Amino acid sequence: MKKYTLIILSLIPFFVSAQNPARDYTNAVLWQQTSGEYRALCFQAYNFARLSLKEALWADTSKKPNCIIVDIDETVLDNSAFQGHEIKKGLSYTPEDWTEWTSLAKADTVPGALAFLKFAASKNIETFYVSNRDEKDYAATLKNLQAFGFPYADDGHLVVAKGTSNKEPRRQKIAETHNILMLCGDNLSDFSNVFYREQKNTFEQVNENQTLFGVKYIVLPNPMYGDWEKPLYQGEKLNDKEKAKQRLERLKSY
């Protein structure tokens, strides 16, 4: 009897995961919310950003005003509470819940982000917030940034998505009037389209651009979601259970 009880108990995590695939993300969200390592990595990223920004200023010969481009979600604002909310509902993501979350304007700051951008502002370096949040999120996003006193959190510097998640046209538009010293993001697409949007080998592209990381490209940790996950899945309109199955199949083992 004990043998069968042991087998049944060992299968409980499997059955729970099968019934609620969104729980695959529990550890990722908890790591962001509770680990000292997450905070340390954020501080490390922004400490490097500060040092690299000083060097960029010394080498600057542009006649255009200087700026930094930053992503918002998981780069300057922490949305792990939203991800936790979804997991507890047995979901990975729903647009309606995301809109409800952003409308609250209650996302916390990513460690080190505010201090770094205030430092940049003290050097007369503008910040452009280039986000893939929708236009309907605009007012609440601005409210959230302004509540913490983020510099340049205004209509002239908040750039949300308008029909496309491709940030390259928005970056190019900013480059017409400003000298971009640095880009900060949690997703490689926050820096350049070569990493995901041009169908190139991402590992190879990261290797080719390795000298830019920590210098011009500042990467923030985000274990919860991102473009990195899209290549894992084969097929369209997959549900959470189908995605969970494919994630398991893609794991390396021995």
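The values are calculated or read from the model by the stated rules, or taken from the named source; none is laboratory data. Since the model is a prediction, treat every value here as computed from it, not as a measurement. As a convention, Cβ positions derive from the backbone with ideal geometry for all residues, glycine included, and neighbour counts pool all protein chains shown. Each accessible area value is taken on the protein alone, full model and side chains, heavy atoms only, with ligands, DNA and RNA left out. Shrake-Rupley method; radii C 1.70, N 1.55, O 1.52, S 1.80 Å.
A few remarks follow.
- Reducing the range 57-105 and the range 174-235 to their Cα centroids gives an inter-centroid distance of 15 Å.
- Carbon-plus-sulfur accessible fraction, the range 61-156 (probe radius 1.4 Å, protein heavy atoms only): 52%.
- Of Ser80, Ser189, Ser122, the one that fluctuates the most in a GNM where the chain has Cα springs shorter than 10 Å: Ser122
- Based on the Kirkwood approach, the hydrodynamic radius assigned to the range 94-177 is 13.8 Å, with every pair of different Cα atoms included.
- Within the chain, helix-based [θ] at 222 nm, where runs of 4 or more DSSP H residues each add -39,500 (n - 2.57), nearest 500: -14500 deg cm²/dmol
- Extension gain for Arg250 to Leu51 (0.36 nm times residue separation, less C-alpha to C-alpha distance): 67.8 nm.
- Ligands, DNA and RNA excluded, the heavy atoms of Lys106 present near 150 Å² of accessible surface to a 1.4 Å solvent probe.
- Semi-axis lengths (Å, descending) of the ellipsoid that matches the C-alpha gyration tensor of the chain: 36, 20, 18
- Couplings 3J(HN,Hα) for the range 23-32, derived from phi with the Karplus relation 6.51 cos²θ - 1.76 cosθ + 1.60 (θ = phi - 60°), are 5, 4, 8, 4, 4, 4, 5, 4, 4, 5 Hz, where x marks Gly and Pro.
- Solvent exposure of the chain as accessible area per residue, Å², 1.4 Å probe: 58
- Amide H partners (placed H, <5 Å) of Asp108, local residues excluded: Asp78
- Computed over the range 22-250: relative contact order in percent, which uses C-alpha pairs under 8 Å that are six or more apart: 28
- Ordered by 1.4 Å accessible area with all protein chains kept, Trp228, Trp58 run largest first as Trp58, Trp228.
- Most to least accessible of Asp240, Asp24, Asp73, Asp155 (protein chains only, probe 1.4 Å): Asp155, Asp24, Asp240, Asp73
- Full extension of the segment from Asp134 to Ala121, taken as 0.36 nm per residue of separation minus the current Cα-Cα distance, would add 2.1 nm.
- Net length gained if the chain between Val206 and Leu41 were fully extended (0.36 nm per residue, minus Cα distance): 57.5 nm
- The local environment of Thr99, defined by Cβ-Cβ distances under 11 Å, has a net charge of -3 under the rule Lys, Arg +1 and Asp, Glu -1.
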